[in-house]
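Notes follow once the structure below has been shown.
Throughout, read-outs are computed from the coordinates displayed, never taken from laboratory work. Because the structure is predicted, anything quoted here is derived from the model rather than measured. Counting neighbours? That spans all protein chains shown, and the Cβs are built from the backbone with ideal geometry, glycine included.
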Amino acid sequence: MKRVKLIAPKRFIIEEVDIPKPALNEVLIKVKACGICGTDLHAYYGEHPFISYPIVLGHEFSGIIEETDEHVVVEPLLTCGKCYNCKIGRYNICNDLKVIGCQTDGAFAQYITVPINKVFSIPKDMSFEEATFIEPIAVGIHAIKKAGDIKGERIVIMGAGPIGLIILQLSKIFGVKEVIITDILNSRLKLAKELGANYAINVKEENLIEWVYNTFGRDGIDKVFECVGGDQNITINQAINLTRKGTRIILIGVFKRSLPIEINLIQDRELEIMGSLVYTSSDFSEAINLLYMKKINVNKLISNILPLERIEEAMKMLVEEKERYIKIILKPNDT
Ligand SMILES: [Zn+2]
Ligand SMILES: [Zn+2]
């Protein structure tokens with residue numbers, strides 16, 4: 001079988017290797033589709049703090065168990081089962097958490113073996129391409145649960161990438177009154193409007209804090225979802241300043257380093273800063289249901305579908321042509 005290995009930053013090799021043999025408690029999956037995530041991009045450019053080389057990337061995937069003809073997705077979290085948080089069910093923050101496709105070899109390959117208890121069946125009339133979004137939808141569901149009740153609220157979502165656009169749609173399902181979404185790309189803001197955003201603000205053209213105060217006043221924002229991360233503190237400090245006192249800011253974006261933030265205001269305003277990391281199995285099941293019930297439009301997020309061999313080109317499209325490409329799906333078994 002073919003698989004794509006990242007052996008150093010910006011250096012993929014296509015390998016021909018034996019189809020892996022599942023160990024006890026494992027199952028062999030023929031990978032039908034695998035999404036490229038921001039995490040994969042950071043790893044490709046050598047900017048991810050927790051991914052080392054060589055590695056086969058790819059954690060947003062769907063496929064078939066050929067033996068049983070079952071269509072499946074995989075919750076790609078490998079956990080110790082012994083630490084405090086594993087024992088109380090918060091295994092997403094296991095002390096020894098490993099993500100398939102990040103710390104162990106992933107699904108940019110024609111076949112993969114995974115623990116059987118991480119496999120979820122999907123209906124046969126759900127496309128493999130759509131099913132790759134179950135993982136990022138689960139990320140969004142987990143973040144919304146961290147936010148608490150958002151019914152009737154006005155929220156700000158910072159960042160209209162795949163996760164921001166998914167949280168936008170989920171927040172409507174969970175009953176928010178209004179969503180303000182921000183980005184620096186007009187193409188993404190336009191898409192956000194099509195997907196239900198009430199306001200889409202280009203933060204390159206508009207002073208976000210002033211705009212919020214002028215439009216909604218000092219107490220207008222009930223919660224903020226930060227879906228940008230990166231190596232700057234601009235978004236988090238904006239979040240601290242634009243939201244009403246006593247509210248919650250949920251961090252989903254991955255920050256690449258330690259950053260100074262306005263900690264004095266967090267204390268003074270009784271703000272709650274809440275991190276949100278991946279998901280657990282209940283989020284995953286809920287994601288499958290919401291997608292199957294067509295409550296979330298993922299087809300508008302798919303910018304391109306390419307064979308696995310064109311991975312390098314796909315990575316470049318996502319980084320160099322952000323106006324055009326949001327999510328690219330790779331197909332390892334269709335050539
Ligand atoms: Zn991802
Ligand atoms: Zn653990």
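Highest mean packing comes first when the peptides 53-64, 317-328, 214-225 are listed by Cβ atoms within 10 Å, giving 53-64, 214-225, 317-328.
Using only Cα positions of region 139-275, each an equal point scatterer, no hydration layer, compute I(q)/I(0) via Debye at q = 0.15 Å⁻¹ and quote the log10 values to two decimals. Here log10 of I(q) over I(0) equals -0.65. Looking at region 1-72, which trypsin sites (Lys or Arg not before Pro) are DSSP coil and have at most 16 other C-beta atoms within 10 Å of their C-beta? Hits after loop and neighbour filter: 10. Shown for the chain are the DSSP H helices of 18 Å or more along their axis, judged by Cα atoms, with a mean Kyte-Doolittle hydropathy of at least 0.5: 134-147. Among the GluC sites (Glu not before Pro) in region 270-307, those located in a DSSP loop and surrounded by at most 16 other Cβ atoms within 10 Å of their own Cβ are 270.
Taking the chain as a Gaussian network of alpha-carbon nodes connected by springs under 10 Å, the highest mean-square fluctuation of the residues 263, 100, 134 belongs to 263. Put the Cα centre of region 1-58 next to the Cα centre of region 306-333 and the gap is 15 Å. Sort region 190-335 into rounded, prolate or oblate with this rule: let a ≥ b ≥ c be the square roots of the eigenvalues of the Cα gyration tensor; rounded if a/c is under 1.5, and if a/c is not under 1.5, prolate when a/b is larger than b/c, oblate otherwise. In terms of gyration-tensor shape, prolate. Close amide H pairs (under 5 Å, H built 1.01 Å from N) link residue 275 with 251, residues at least 5 positions away or on another chain.
Computed from the Cα positions only, the extents of region 256-316 along the three principal axes stand at 51, 33, 22 Å, in decreasing order.
Entry note, the chain: the mean residue ellipticity at 222 nm calculated from DSSP H runs of n ≥ 4, each adding -39500 (n - 2.57), is -8000 deg cm²/dmol after division by the residues and rounding to the nearest 500. The alpha carbons of the chain give a radius of gyration and a Dmax of 19.8, 62 Å, in that order. First check a/c for region 1-95, with a ≥ b ≥ c the square roots of the eigenvalues of its C-alpha gyration tensor; if it is under 1.5, answer rounded, and if not, answer prolate when a/b is larger than b/c or oblate otherwise. Oblate shape, in that a/c is at least 1.5 and b/c is the bigger or equal ratio.
With a Cα cut-off of under 21 Å and a minimum spacing of 8 residues unless on different chains, the lysine pairs in region 139-275 number 24.
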